[in-house]
Amino acid sequence: MRAAFPFPRASGLDLEPEYLVRQRFAPVSRVEFPYGEPAWLVTRYADVRTVLTDPRFSRAASLERDVPRVTKENFSGGIVAMDPPEHTRLRSICRHAFTPRTVARLRERATAIATELISETGEEFDGVEEFALPFTLKMICELLGVPYDQRASFREWAEAGLATTSITEEERLAATGKMWDFVVELVAQRRERPRNDLISAMLAAQTCDVTDDELVIVVMTVLVAGYETTSTQLPNFLYLLLTDRTRFQALTDDPSLIPSAVEELMRYVPLEANGTTPRYAVEDVVLSGIRIEAGSPVVPASAAANRDPDVFADPDRLDFARAPNPHLGFGVGAHFCLGAPLARLELRVALEVLTSIAPGLRLARGEAGIDWKTGMLVRGPSRLALTERT
């Protein structure tokens with residue numbers, strides 16, 4: 001019997017209980033999305049990792065199928081719908097931008113931006129609009145060479161691309177078209193007048209087997225992914241740290257915990273509201289004793305995998321000293337998040353700055369000061385009222 005998917009949303013950042021019920025009793029089960037064909041949902045860590053790394057599962061196959069999805073329009077495409085070696089070919093044009101060594105050079109600038117933003121806030125401020133969003137937007141704009149004064153436009157277009165029910169399909173298509181035209185013009189400007197930014201570096205690295213349209217797709221992917229997920233995760237982290245303020249205090253008392261705390265929060269937070277992008281089995285595969293026939297779509301539930309007790313002891317507890325912590329918060333395999341080093345840097349720097357400059361930080365009005373995103377592919381606060389007042 002097929003269950004309706006996504007499951008009814010849990011409150012706040014709680015993981016939907018149905019995931020863990022299935023993980024224990026039906027780790028590979030059939031689900032029905034609002035649109036597209038039925039799919040297999042996998043919830044155990046070992047199975048999710050197999051789907052994300054095993055070449056017997058393909059993303060490129062989605063281009064020829066009625067992909068299981070939550071939106072009427074099928075937007076499967078771009079670099080996220082490629083398999084190696086095509087995926088590797090495109091990813092290579094920006095592989096030098098997000099290496100740990102390169103990103104480490106951005107630490108000083110990230111610290112300056114975060115410090116300036118928190119210093120400019122009043123007694124009460126919105127941790128989303130006044131800190132997380134401008135912080136991540138400034139970082140990705142400076143890295144790519146995107147004019148920061150145009151952030152309102154491309155933010156609107158990017159959020160339209162991540163919406164599920166909050167806008168119409170016509171509005172989504174129009175926004176995607178505007179984003180495309182914006183990036184095409186930006187690439188043309190950098191081709192004519194290169195600068196010390198990532199777009200210029202991509203153009204310099206472009207080979208004859210990478211078309212101009214493909215380069216635009218990569219830039220769009222980096223621009224959206226480079227700020228949207230991190231600007232959502234940072235408020236998520238603050239919500240969890242401040243609803244039980246002993247967590248924030250622990251990082252204030254011992255900043256050396258911040259790197260491991262970021263990894264644990266990445267494991268714990270169920271960012272993706274509707275599961276991970278489907279893969280298609282290209283041959284018969286057995287997962288947890290269930291035979292997946294070739295041609296079947298499979299949805300790996302990374303959020304559930306990150307709570308698998310076979311891998312993570314006491315998985316529903318936040319443990320900032322957890323080690324090892326092989327979470328799937330950034331994915332794994334060929335589609336491992338290209339911007340993971342940048343995201344890690346931004347999240348660590350943000351927490352370092354907040355715990356040092358605003359050690360008394362707390363929720364301003366409890367749950368009454370928090371609004372949650374609705375109709376989006378990611379979950380998190382759209383407003384997070386914060387204060388340093390006791």
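The values are calculated or read from the model by the stated rules, or taken from the named source; none is laboratory data. Predicted model only: the values in this text are computed from it and were never measured. A quick note on method: Cβ atoms are made from the backbone with ideal geometry, for glycine too, and the neighbour counts reach across all protein chains shown. With ligands, DNA and RNA removed, areas are computed over all heavy atoms of the protein, side chains included. Shrake-Rupley method; radii C 1.70, N 1.55, O 1.52, S 1.80 Å.
Which of the residues belonging to region 326-340 are open to solvent by 30 Å² or more (accessible area, probe 1.4 Å) and in contact with a helix residue (DSSP H, G or I) (Cβ under 6 Å, 6 or more places away or on another chain)?
Looking only at region 326-340, we keep the residues that are open to solvent by 30 Å² or more (accessible area, probe 1.4 Å), and these are 326, 329, 333-338.
Listed by number, the residues that qualify are G329, G333, A334.
Working only within region 104-135, note down all residues that are modelled with pLDDT under 85 and either in a helix (DSSP H, G or I) or open to solvent by less than 10 Å² (accessible area, probe 1.4 Å) (or both).
Quick first cut of region 104-135, residues modelled with pLDDT under 85 only: 104-105.
Listed by number, the list holds a single entry, A104.
Within the set of pairs 6+ apart or on separate chains, which have a first residue in region 252-271 that is modelled with pLDDT of 95 or more, a second that is of a type in the set (G, A, S), and C-beta atoms under 6 Å apart?
Here the result reads M266/G329; R267/G329, each pair linking region 252-271 to a residue that is of a type in the set (G, A, S).
Residue by residue through region 346-367, note down the ones that are in a helix (DSSP H, G or I), buried (at least 20 other Cβ atoms within 10 Å of the Cβ) and not polar (S, T, N, Q). Quick ask: steps written out before the conclusion?
First pass over region 346-367, keeping only residues in a helix (DSSP H, G or I): 346-357, 366-367.
Checking which are buried (at least 20 other Cβ atoms within 10 Å of the Cβ) leaves us with 346-347, 349-351, 353-355.
Those that are in a helix (DSSP H, G or I), buried (at least 20 other Cβ atoms within 10 Å of the Cβ) and not polar (S, T, N, Q): E346, L347, V349, A350, L351, V353, L354.
Spot the failing condition for T207; the list is (1) modelled with pLDDT under 90; (2) in contact with a helix residue (DSSP H, G or I) (Cβ under 7 Å, 6 or more places away or on another chain), and only one is missed.
If we test T207 against (1) modelled with pLDDT under 90; (2) in contact with a helix residue (DSSP H, G or I) (Cβ under 7 Å, 6 or more places away or on another chain), just (2) comes out false.
List the residue pairs whose Cβ atoms are under 6 Å apart, where the first residue sits in region 136-154 and is in a loop (DSSP other than H, G, I, E, B), the second is surrounded by 20 or more Cβ atoms within 10 Å (Cβ to Cβ), and the two are 6 or more positions apart or on different chains.
Cβ pairs passing all conditions: G145/I199.
Using beta carbons and a limit of 7 Å, which pairs, at least six apart or on different chains, have the first residue in region 179-197 and surrounded by fewer than 14 Cβ atoms within 10 Å (Cβ to Cβ) and the second one in a loop (DSSP other than H, G, I, E, B)?
R195/G145
When only residues in region 192-210 that are over 14 Å from S92 (Cβ atoms) and not in a helix (DSSP H, G or I) count, which is nearest to the chain's Cα centre (by Cα)?
Looking at the filtered set, the residue picked out is D197.
A26 - would you say it is without any contact (Cβ under 8 Å) to a residue 40 or more places away in the chain, closer than 21 Å to A281 by Cα and open to solvent by less than 60 Å² (accessible area, probe 1.4 Å)?
Values: without any contact (Cβ under 8 Å) to a residue 40 or more places away in the chain: yes; closer than 21 Å to A281 by Cα: yes; open to solvent by less than 60 Å² (accessible area, probe 1.4 Å): yes.
In short, yes.
What tally of residues in region 17-36 results from selecting those that are modelled with pLDDT of 95 or more and in a loop (DSSP other than H, G, I, E, B)?
2
Is it the case, given these coordinates, that L234 is part of a helix (DSSP H, G or I), hydrophobic (A, V, I, L, M, F, W, C), within 30 Å of L20 (Cβ to Cβ) and in contact with a helix residue (DSSP H, G or I) (Cβ under 7 Å, 6 or more places away or on another chain)? It would help to see each step written out before you state the result.
On the way: part of a helix (DSSP H, G or I): yes; hydrophobic (A, V, I, L, M, F, W, C): yes; within 30 Å of L20 (Cβ to Cβ): yes; in contact with a helix residue (DSSP H, G or I) (Cβ under 7 Å, 6 or more places away or on another chain): yes.
For L234, the condition - part of a helix (DSSP H, G or I), hydrophobic (A, V, I, L, M, F, W, C), within 30 Å of L20 (Cβ to Cβ) and in contact with a helix residue (DSSP H, G or I) (Cβ under 7 Å, 6 or more places away or on another chain) - is met.
Kindly indicate the residue of region 319-374 that is within 23 Å of the chain's Cα centre (by Cα) and basic (K, R) and also farthest from S260 (Cα to Cα) among those meeting that condition.
So the residue we want is K373.
Please go through region 224-262 and pick out each residue that is buried (at least 22 other Cβ atoms within 10 Å of the Cβ) and among the acidic types (D, E).
E228
Could you check region 62-82 and list, in sequence order, the residues that are modelled with pLDDT of 75 or more and open to solvent by less than 60 Å² (accessible area, probe 1.4 Å)?
S62, V67, P68, R69, V70, T71
Looking at region 37-51, which of its residues are assigned to a helix (DSSP H, G or I), open to solvent by 20 Å² or more (accessible area, probe 1.4 Å) and not aromatic (F, W, Y)? I'd like the intermediate steps shown before the answer.
Kept after step one, since they are assigned to a helix (DSSP H, G or I), are these residues of region 37-51: 45-51.
Now narrow it down to the ones that are open to solvent by 20 Å² or more (accessible area, probe 1.4 Å): 45-46, 49-50.
Correct list: A46, R49, T50.
If R59 meets every condition in (1) modelled with pLDDT of 95 or more; (2) under 12 Å from P300 (Cβ atoms); (3) open to solvent by less than 70 Å² (accessible area, probe 1.4 Å) apart from one, which number is that one?
Every listed condition holds for R59 apart from (1).
Where residues in region 155-170 are assigned to a helix (DSSP H, G or I) and within 20 Å of the chain's Cα centre (by Cα), which of them is modelled with the lowest pLDDT? Spell out how you get there, then give the answer.
Here is the first cut: in region 155-170, the ones assigned to a helix (DSSP H, G or I) are 155-161, 169-170.
Now drop any that are not within 20 Å of the chain's Cα centre (by Cα), which leaves 155-161.
Values: R155: 76, E156: 79, W157: 77, A158: 73, E159: 72, A160: 69, G161: 63.
So the residue we want is G161.
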